[in-house]
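Colleague: Take a look at the following structure, please.
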Amino acid sequence: MKTVCKENMCAGCMACLEVCSKQAIKMQDSLNAFNAAIDETLCIDCNACHKICQYNNNVEMAKPIKWYQGWAANDGERKSSSSGGLGVSLAKTFLEKYGCVCACVFKNGEFRFEFSDSQNDIVKFSGSKYVKSDPTGIYKQIQAKLRLGENVLFIGLPCQVAAVRLYMGAKYNDNLYTVDLICHGSPSPALLEMFLKDYQVSLKTVNDIQFRRKNNFHVYNGDKGIGSEKVQDLYTFAFLSCLDYTENCYVCKYARLYRVSDITIGDSWGSELAGEEQKKGISLILCQTLKGKQLLYDTNLHLEDVDLNKAIEANHQLKEPSQMPDERNKFFFEILSSNNFKKAIKNCYSKVYYKKQLKLLLAKIGVI
Ligand SMILES: Cc1cc2nc3c(=O)[nH]c(=O)nc-3n(C[C@H](O)[C@H](O)[C@H](O)COP(=O)(O)OP(=O)(O)OC[C@H]3O[C@@H](n4cnc5c(N)ncnc54)[C@H](O)[C@@H]3O)c2cc1C
Ligand code: SF4
Ligand code: SF4
Ligand code: SF4
């Protein structure tokens, strides 16, 4: 198979598909890795895809010039978000004072990117989606807006921010604003679909999916926790154990203190602030550029000092990529042969699995 970047190292940013004038590239999702595969019968060897690829090229990254912990001053914005509500607050300010916003939404069973054109609409972006999102189609749309002189804020995973910056080039540096999330890896959405199948749920029929409510990490279908809310579900277990990310994530070049964006947001793990605040969500905020700083100060936020070294210690992604667990190969072997998420976890982590089954039973009869 001829691929745009090194085999199994694709981040699924979809930029190469958008740049190819011959539609010669197809994304192949083999659950444990993505590959942008080139159809050699259509390819004219123009090299455009290789030149745009974030794996093959490096964007300039910068050390934070300011760092804080904090949250949205508006209680509603903080409440509706996964952490301190920075994502939504920055987006609202940008829309009000700067230009338009492009970020990830869950719609029709897919994790895609959309623009927002009204304050009321911004809430559609809120919440962490612990899955590989799909930026198909956004590059040309962002470029068109930048060409018209509009300001655009793009919020995404670090690899997606790198892809957007590479696609746009240095020409639009002043108008393109970027916010990246601290990211420890992302799994294929096909794994989420497979996990939900065990509960007779299909992503296509889900209106609203959530992956966490503040410090409670759990998959929710609308208001209903999958399985029992009292027992961590297997999808969340696999995600938090770094078991099921695509292969490229374990060598991610964005997992460091030098960042790819104007502003980085994540969780302020290890915060010394009061437990009450922690329950409501505290974000970690790193700011790399002057234009990022301006946007941050224009936004109605509660900001506090943070010890950067402690923050790095508590969030390993600011130092190095997630480590691949020994069980990962077996997990994917099992899942590819059985097509069954539950069975794959059972065969790789039998102790964890049976402990969870017991807890589920206890939850069912009301003991826990
Ligand atoms: C795959 C993944 C891994 C993460 N790993 C870490 C980590 O290791 N350490 C850490 O501190 N934080 C991590 N985060 C970030 C964390 O979960 C919160 O999203 C972050 O703290 C921002 O929360 P918030 O309340 O400020 O924003 P929110 O209001 O929750 O907004 C989050 C913003 O992120 C966007 N977004 C959500 N999911 C995705 C996605 N899959 N792809 C692209 N954009 C998305 C939304 O559109 C929104 O604009 C991760 C997030 C994701 C999606
Ligand atoms: S080399 Fe050009 S034609 Fe071939 S796949 Fe890449 S972008 Fe498409
Ligand atoms: S990382 Fe992006 S540009 Fe590179 S091969 Fe994958 S989808 Fe294409
Ligand atoms: S770990 Fe790196 S490559 Fe993987 S989704 Fe996150 S930013 Fe992208």
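The values are calculated or read from the model by the stated rules, or taken from the named source; none is laboratory data. Note that this is a predicted model, so its numbers are computed, not measured. All Cβ positions, even for glycine, are placed from backbone atoms using ideal geometry, and neighbour counts span all protein chains on display.
Colleague: Checking the structure you have, find out if any residue of region 318-339 is part of a helix (DSSP H, G or I), within 30 Å of Lys66 (Cβ to Cβ) and either in contact (Cβ under 8 Å) with a residue 40 or more places away in the chain or not assigned by TED's automatic domain parsing to the domain that holds Lys97 (or both).
Modeller: Looking through region 318-339, at least one residue is part of a helix (DSSP H, G or I), within 30 Å of Lys66 (Cβ to Cβ) and either in contact (Cβ under 8 Å) with a residue 40 or more places away in the chain or not assigned by TED's automatic domain parsing to the domain that holds Lys97 (or both).
Colleague: Identify, from the list Met9, Met27, Met14, the residue that is in contact with a Ser or Thr (Cβ under 7 Å, 6 or more places away or on another chain) and either within 12 Å of ligand 3 (Cβ to nearest atom) or over 23 Å from Thr246 (Cα atoms) (or both).
Modeller: Met14
Colleague: For Ser118, only one of the following conditions fails: (1) within 13 Å of ligand 1 (Cβ to nearest atom); (2) within 22 Å of Tyr177 (Cα to Cα). What is its number?
Modeller: (1)
Colleague: Which one is nearest to ligand 2 (Cβ to nearest atom) among residues in region 207-259 that are aliphatic (A, V, I, L, M) and closer than 25 Å to Gln28 by Cβ?
Modeller: Among residues in region 207-259 that are aliphatic (A, V, I, L, M) and closer than 25 Å to Gln28 by Cβ, the one nearest to ligand 2 (Cβ to nearest atom) is Val251.
Colleague: Take the conditions away from ligand 1 (no atom under 16 Å from the Cβ) and either under 30 Å from Thr93 (Cα atoms) or among the basic types (Lys, Arg) (or both) and apply them to Lys6. Does it pass?
Modeller: When the stated conditions are applied, Lys6 passes them.
Colleague: Do the conditions hold for Ile263, that is, is it in the same structural domain as Arg165 (by TED's automatic domain parsing), within 17 Å of the chain's Cα centre (by Cα), within 18 Å of Leu301 (Cα to Cα) and surrounded by 18 or more Cβ atoms within 10 Å (Cβ to Cβ)?
Modeller: Against the criterion (in the same structural domain as Arg165 (by TED's automatic domain parsing), within 17 Å of the chain's Cα centre (by Cα), within 18 Å of Leu301 (Cα to Cα) and surrounded by 18 or more Cβ atoms within 10 Å (Cβ to Cβ)), Ile263 qualifies.
Colleague: Next up: Look at Lys291 and say whether it is assigned by TED's automatic domain parsing to the domain that holds Ser83, free of Cβ contacts under 8 Å to residues at least 60 places away in the same chain and in a helix (DSSP H, G or I).
Modeller: When the stated conditions are applied, Lys291 does not pass them.
Colleague: Right, here's the next one. Please report, ordered by residue number, the strands (runs of 3 or more DSSP E) entirely within region 21-118 with at least 1 residues that are modelled with pLDDT of 95 or more and closer than 30 Å to Ser271 by Cα.
Modeller: Counting at least 1 such residues, we get 66-72, 100-107.
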